[in-house]
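Before any comments, here is the structure.
The values are calculated or read from the model by the stated rules, or taken from the named source; none is laboratory data. Note that the structure is predicted; figures quoted are calculated from it, not measured. Glycine gets a Cβ as well: all are built from the backbone with ideal geometry, and neighbour counts include every protein chain shown. Remember, those area values only see protein heavy atoms, side chains included, never the ligands or the DNA or RNA. Shrake-Rupley method; radii C 1.70, N 1.55, O 1.52, S 1.80 Å.
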Amino acid sequence: QETKRSSMDEYFVKTIWPYKDMEFMLVDSDGIAGGLLCIWRPQVFARKECNNNKNFIILSRTSCNSFHCVLVNIYAPNEVLKKRKLWNSLVNVHPHFPNPWCVVGNFNEIRYMGERKGCSTRVRRIKDSNEFVDKLELTDMPMLGRQYSWCNALDGDRWSRIDRFLLDIKWMEKFSFKQWGLPRISSNHCPILLKRDD
């Protein structure tokens, strides 16, 4: 997920991962712009292909149950033009990774006006984000456990749902998932969890 660390190594990654076996891929942060870190168990996901830039990591994998899929970890910039460029980049690379996508991360944008409280937004920004979701034909699942995923850390009077999982419908047909917003501990973002509802 998103990280503010300017550099990371295998030793650091092992301190935050509970399993002995692991593989990981990272993008270092650039100043205040967040970096990205993906960690996985090779017994669960066998990485086939990857692609990354400063705003996303794409991992194409075969899971242990032979479900061919693509995981995309994103950190969207705040600036409108940079964010539009990110959406266009992902739409353009999508045909090169044809298996079902799961896009997760900090979108730095809401999808609907009701996902924000105490702060303003521009309709054009929401439209750009929704056009990206529509072009990739992704499903935005409801978040259980809490209404918002971010609040300003100072006085808690501004709230937004800017973190989420977006899934290709084939994920929904294969698995029964629920998306949960977990309690915030050390960040102004709450962790989000995609969990099988068995």
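State the antiparallel share, in %, of DSSP beta bridges confined to region 42-156, rounding to the nearest 5. Spell out each step's value before the answer.
Numbers: 15 of 21 bridges.
Here the antiparallel bridges make up roughly 70 percent for region 42-156.
For region 117-182, give me the percentage of DSSP beta bridges that are antiparallel, rounded to the nearest 5 percent. If I count the DSSP bridges inside region 117-182, around 75 percent turn out antiparallel.
Compute, for region 46-198, the length of the dipole vector about the Cα centre, with Cβ point charges of +1 (Lys, Arg) and -1 (Asp, Glu) only. Units Debye, rounded to 20.
Here region 46-198 has a charge dipole of around 280 debye.
Rolling a 1.4 angstrom probe over the protein heavy atoms, how many square angstrom per residue are accessible across the chain?
Values: 11050 Å² over 198 residues.
Ligands and nucleic acids excluded, the result is 56 Å² per residue.
Between I185 and N130, take the C-beta separation as r, use R0 = 30 Å, and let me know the FRET efficiency to the nearest 0.05.
Values: r = 31 Å, r/R0 = 1.02.
The pair I185/N130 has a calculated efficiency of 0.45.
Using Cα Rg over 2.2 N^0.38 Å as the read-out, say which of (1) 1.00; (2) 1.57; (3) 1.14 was calculated from these coordinates. It is the value labelled (1).
Split the accessible area of the chain by element, probe 1.4 Å, and carbon with sulfur accounts for 52%.
Label separation (K117 vs F67): 3.3 nm, computed from points 7 Å beyond Cα along the C-beta direction.
In the chain, a dipole from Cβ-located charges (positive for Lys and Arg, negative for Asp and Glu) runs towards its positive end, and of F175, G145, Y19 it is G145 whose Cα lies farthest in that direction.
A Förster distance of 22 Å, applied to the separation of the beta-carbon atoms of V44 and V93, puts the FRET efficiency at 0.35.
In the structure shown, do any of K85/K127; K135/K178; K54/K83; K82/K178; K117/K195; K14/K54 have a Cα-Cα gap over 21 Å, and if so which?
Working: K85/K127 14 Å; K135/K178 23 Å; K54/K83 12 Å; K82/K178 31 Å; K117/K195 27 Å; K14/K54 23 Å.
Violating the 21 Å limit, Cα to Cα: K135/K178; K82/K178; K117/K195; K14/K54.
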